[in-house]
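Engineer: Sending over a structure as structure tokens; questions will come in a sec.
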């Protein structure tokens with residue numbers, strides 16, 4: 001039922017129409033059309049899809065390699081404390097009792113406290129500039145540790 005001045009639109013399913021036409025087609029013609037469609041898929045669609053997939057895989061591998069290197073450097077940074085202890089850190093800083101065990105705890109507390117603001121900054125600021133600023137700050141902090149003579153420093 002339509003009101004004055006309105007027309008009813010008839011929606012048809014184009015895919016259904018093509019399916020019905022293919023069912024009426026003779027088998028020899030159907031095989032010929034199927035081969036042409038398969039050839040078009042093989043020569044046009046698959047190379048385009050495989051190119052995009054290769055770009056995505058390449059980016060994932062690049063990010064994976066970068067993250068692996070970052071985690072390796074983070075691990076080495078934490079292991080440096082063990083090597084420093086073996087080469088006289090406790091004696092040089094006059095550490096007694098449980099003072100040595102506080103050093104990695106302070107580092108981990110710093111990671112824990114800094115992770116939330118860091119994740120917010122990664123979302124709000126340009127990633128490249130933020131990471132480079134963080135690396136610069138971390139480098140300055142590491143260079144400043146050379147001057148420490150006691151645990152409080």
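Engineer: Could you tell me whether residue 103 is part of a helix (DSSP H, G or I), within 26 Å of residue 135 (Cβ to Cβ) and in the same structural domain as residue 130 (by TED's automatic domain parsing)? If you could, list the steps in order and put the result at the bottom.
Structural biologist: Values: part of a helix (DSSP H, G or I): yes; within 26 Å of residue 135 (Cβ to Cβ): yes; in the same structural domain as residue 130 (by TED's automatic domain parsing): yes.
Yes.
Engineer: Has region 117-133 got any residue that is loosely packed, with under 11 Cβ neighbours inside 10 Å, outside the structural domain of residue 63 (by TED's automatic domain parsing) and over 22 Å from residue 63 (Cβ atoms)?
Structural biologist: The answer is yes; a qualifying residue exists.
Engineer: Go through (1) free of Cβ contacts under 8 Å to residues at least 24 places away in the same chain; (2) surrounded by 10 or more Cβ atoms within 10 Å (Cβ to Cβ); (3) within 25 Å of residue 84 (Cα to Cα) one by one and return the number of the condition residue 102 breaks.
Structural biologist: (1)
Engineer: Quick test for you: out of 78, 91, pick the one residue that is closer than 30 Å to residue 145 by Cα and surrounded by fewer than 10 Cβ atoms within 10 Å (Cβ to Cβ).
Structural biologist: Going through 78, 91 in turn, just one is closer than 30 Å to residue 145 by Cα and surrounded by fewer than 10 Cβ atoms within 10 Å (Cβ to Cβ): 91.
Engineer: Look at residue 28 and say whether it is farther than 30 Å from residue 147 by Cα and over 39 Å from the mean Cα position of the chain (by Cα).
Structural biologist: So residue 28 passes the test.
Every residue, every condition in (1) more than 21 Å from the chain's Cα centre (by Cα); (2) farther than 30 Å from residue 92 by Cβ; (3) at pLDDT 90 or above, yes or no:
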{"residue": "113", "(1), (2), (3)": "yes, no, yes"}
{"residue": "117", "(1), (2), (3)": "no, yes, yes"}
{"residue": "124", "(1), (2), (3)": "no, yes, yes"}
{"residue": "127", "(1), (2), (3)": "no, yes, no"}
{"residue": "132", "(1), (2), (3)": "no, yes, yes"}
{"residue": "140", "(1), (2), (3)": "yes, no, yes"}
{"residue": "144", "(1), (2), (3)": "yes, no, no"}
{"residue": "147", "(1), (2), (3)": "yes, no, no"}
{"residue": "150", "(1), (2), (3)": "yes, no, no"}
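Engineer: Going through region 70-99 one residue at a time, which ones are under 17 Å from residue 138 (Cβ atoms) and touching a residue at least 12 places away in the same chain (Cβ under 8 Å)?
Structural biologist: Restricting attention to region 70-99, the residues satisfying the condition of being under 17 Å from residue 138 (Cβ atoms) are 70-81.
If the condition is that a residue be under 17 Å from residue 138 (Cβ atoms) and touching a residue at least 12 places away in the same chain (Cβ under 8 Å), then 78, 81 are the ones that fit.
The values are calculated or read from the model by the stated rules, or taken from the named source; none is laboratory data. Note that the coordinates shown come from a computational prediction; the quantities given were computed from them, not determined experimentally. Heads up, the Cβs are rebuilt from the backbone with ideal geometry, glycines too, and the neighbour counts pull from every protein chain shown.
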